[in-house]
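Here's the structure we're looking at; comments come further down.
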Amino acid sequence: PEPLKAFVCGAADAIGCDESYVGLPLLVGLAGAIGNTRRIELKRGWREPAVLWGAIVGESGTQKSPALEVALKPVRRRQHETMKRHAERVKEYEAALLCHDKALAQWKKSGMSLSAPPEKPEEPQAERSWCDDITIEGLAALLLNNPRGLLLIRDELAGWLGGFDR
């Protein structure tokens, strides 16, 4: 549908590649953006999230990588922005942690009175949209902190398949 069709056609013309090289990663990126926020009920009791697997297969030099980059640029930009916000939250957390440590030391110095100790601030977790060169174990850890889901991007199919034994 428009405006995706115009984007795919324009990007493929500009890059000089097949339209499917832009369209497929764009669809996979859109599914990743939806993630676990929505599910379709195929029949009673059977619900599935928006999960798409895609692989572009083509000869070397057919502009697969540039097409992948342009299709997923919004996903990368989103994560860049969330990581900047996360860095700000980490600075705030570190300042709050210093205040907590001082308050805890005073609480201990006062003989640990009947009042409860000061509550430790919660460490902020980075919200991610995508990841790339990662082990299955590393991906599992990231998914724990990103219940919405993640888009796994690999420029080379062989690298992704080869990572299963790591």
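The values are calculated or read from the model by the stated rules, or taken from the named source; none is laboratory data. Remember, it's a predicted structure, so these values are computed and weren't measured experimentally. In this analysis, Cβ positions are derived from the backbone assuming ideal geometry, glycine residues included, and neighbour counts consider all displayed protein chains. Ligands, DNA and RNA are excluded from the accessible area calculation, which covers all protein heavy atoms including side chains. Shrake-Rupley method; radii C 1.70, N 1.55, O 1.52, S 1.80 Å.
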- Query: What's the number of the condition ASP13 fails, among (1) outside any loop (DSSP other than H, G, I, E, B); (2) of a type outside the set (Val, Ile, Thr); (3) in contact (Cβ under 8 Å) with a residue 12 or more places away in the chain?
  - Reply: (3)
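If I ask for residues that are open to solvent by less than 50 Å² (accessible area, probe 1.4 Å) and either without any contact (Cβ under 8 Å) to a residue 24 or more places away in the chain or over 15 Å from the mean Cα position of the chain (by Cα) (or both), which ones from segment 123-134 would you list?
Scanning segment 123-134 gives PRO124, CYS131.
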- Condition set touching a Cys at 6+ places or on another chain (Cβ under 7 Å) and part of a loop (DSSP other than H, G, I, E, B), scope segment 53-75, selection nearest to ARG154 (Cα to Cα): answer is GLN63
- Do we find a residue being surrounded by 14 or more Cβ atoms within 10 Å (Cβ to Cβ), at pLDDT 90 or above and over 30 Å from GLY10 (Cβ atoms) anywhere in segment 143-164? yes
- Item | The lone exception for GLU19 - which of (1) open to solvent by 60 Å² or more (accessible area, probe 1.4 Å); (2) out of contact with any helix residue (DSSP H, G or I) (no Cβ under 7 Å at 6 or more places or on another chain) it fails | (2)
- Note on the structure: Scanning segment 31-54 residue by residue, those among the aliphatic types (A, V, I, L, M) and over 13 Å from ARG148 (Cα atoms) turn out to be ILE40, LEU42, LEU52
- Query: When you scan segment 68-80, how many residues do you find that are open to solvent by less than 50 Å² (accessible area, probe 1.4 Å) and farther than 19 Å from CYS9 by Cα?
  - Reply: 2
- Note on the structure: Filter segment 81-122 for residues that are touching a helix residue (DSSP H, G or I) at 6+ places or on another chain (Cβ under 8 Å) and surrounded by 11 or more Cβ atoms within 10 Å (Cβ to Cβ); the one that is nearest to ASN145 (Cα to Cα) is PRO121
- Message: What are the pairs with Cβ atoms under 8 angstrom where one residue, in segment 27-44, is free of Cβ contacts under 8 Å to residues at least 40 places away in the same chain and farther than 21 Å from CYS131 by Cβ and the other, located anywhere, is open to solvent by 50 Å² or more (accessible area, probe 1.4 Å) and not aliphatic (A, V, I, L, M)? Sequence gap at least six, or different chains.
- Response: ARG39/ARG47; ARG39/GLU48; ILE40/ARG47; ILE40/GLU48; GLU41/ARG47; LEU42/GLU48
